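The values are calculated or read from the model by the stated rules, or taken from the named source; none is laboratory data. Worth saying up front: this structure is predicted, and the values here are computed from it rather than measured. Positions of Cβ are backbone-derived with ideal geometry, glycine not excepted, and every protein chain shown enters the neighbour counts. Just the protein is used for accessible areas: all its heavy atoms, side chains included, with ligands, DNA and RNA removed. Shrake-Rupley method; radii C 1.70, N 1.55, O 1.52, S 1.80 Å.
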Amino acid sequence: MINIKNKFNHEKIDIGYKDLDAETTDSGRTYSTPDGKSYPSVTTVLSILNEHIIQAWRDRVGEEEANRISGKASNRGTRVHSIVEKYLNNEDTTKFLPHIRQSLENLKPVLDENITTIYGLEVPLFSEHLGVAGRCDSRNQYGVPNVAFIPDACVCVNCRGWIPPLTHTH
């Protein structure tokens, strides 16, 4: 039995294109816009900006420990991302492992009390002004229309200065 306590309202917004082509290489991911411009992903830019900090941490804890911690965090982050996306899509979340379901339970009060309308999940967006692109985890009504990017460990719940409310970026 599927037990969904909250039903999120979904209203798809036409952003003028269906998707952005992505290419992943050893140096990161880039997205091609409908007019052929290429922009690095937000995650790629953030990883470059934080590269020295991450390397200092890896040097401090040791390579083996850093790999263990990074792998565990990445795995958990991917699973929490998946369960939150399913929840926001009003889908069954009971098949996830208990610790991942508990992470969702911890997030539900914030999601349920604040998100009223979802305009898209995993929406491909780009900014000509900033020269970056990516997939927006959740474009929703959260008090005011906003964008939520959750690439790995970066959370930006209201990026109205980066992407104007309820518009795409070009």
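Annotations for the structure displayed:
- The condition of being within 16 Å of GLU122 (Cα to Cα) and under 16 Å from the mean Cα position of the chain (by Cα) holds for GLU85.
- From the options VAL123, VAL110, residue that is under 12 Å from the mean Cα position of the chain (by Cα) and at pLDDT below 90: VAL123
- Residues in region 29-82 that are acidic (Asp, Glu) and within 21 Å of the chain's Cα centre (by Cα): GLU51 only.
Quick grid of which residues meet (1) within 25 Å of GLY134 (Cβ to Cβ); (2) of a type in the set (Asp, Glu):
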residue: ASP19; (1), (2): yes, yes
residue: ASP26; (1), (2): yes, yes
residue: TYR31; (1), (2): yes, no
residue: ASP35; (1), (2): yes, yes
residue: ASP59; (1), (2): no, yes
residue: THR78; (1), (2): yes, no
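- Enumeration of residues in region 87-118 that are within 23 Å of ILE13 (Cα to Cα) and either in contact (Cβ under 8 Å) with a residue 60 or more places away in the chain or open to solvent by less than 80 Å² (accessible area, probe 1.4 Å) (or both): TYR87, LEU88, ASN89, ASN90, GLU91, LEU111, ASP112, ASN114, ILE115, THR116, THR117, ILE118
- Residue list for region 48-84, restricted to those being among the hydroxyl-bearing types (Ser, Thr, Tyr) and either surrounded by fewer than 11 Cβ atoms within 10 Å (Cβ to Cβ) or free of Cβ contacts under 8 Å to residues at least 40 places away in the same chain (or both): SER70, THR78, SER82
- A single entry from ILE150, ILE163 fulfils the requirement of being at pLDDT below 85, of a type in the set (A, V, I, L, M, F, W, C) and in contact with an Asp or Glu (Cβ under 6 Å, 6 or more places away or on another chain): ILE150.
- Some residue of region 5-13 being in contact (Cβ under 8 Å) with a residue 12 or more places away in the chain, crowded, with 16+ Cβ neighbours inside 10 Å, of a type in the set (Val, Ile, Thr) and closer than 23 Å to ARG139 by Cβ: no
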